[in-house]
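Have a look at the structure below, then the notes.
The values are calculated or read from the model by the stated rules, or taken from the named source; none is laboratory data. Just so we're clear, the structure is a prediction, and the values are computed from it rather than from any experiment. Cβ placement follows ideal geometry from the backbone for every residue including glycine, while neighbour counts extend to all protein chains displayed.
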């Protein structure tokens, strides 16, 4: 157990199966270059398994001294980190364009609930943008009939 890094050994960092949540770190190549990685670990305890079910590197679980075994998976995130940074940049740019647009822009999900609204659309609809999220768009944009009954969606 003393050979296992402390952060991988902490019980509060593990789920019910003994696996840790993915942890992002910086790793170093043999040439000294650094790169981003995601590290995940899983405890492998042959004694906790039913007899005959352990399929680790040794078929005979009795050969283990009882020390904790740990499988560590390291995944290179070089491309992933670059993609995430580009996505974040693109999202910021889209948000700036929507905020600056003089036209009202409203986005809805497949059920017609508002998921995106820019300040111009909120002003046109007579609401604050923060109050429109999740509301159904249909009653916000269609007037009622002269007698006060709602205008049917099918007729809009």
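Would you check if residue 112 is under 23 Å from residue 154 (Cα atoms) and touching a residue at least 24 places away in the same chain (Cβ under 8 Å)? Answer is yes for this residue. Considering only residues in region 121-138 that are over 18 Å from residue 100 (Cβ atoms) and buried (at least 18 other Cβ atoms within 10 Å of the Cβ), the one that is modelled with the highest pLDDT turns out to be 132.
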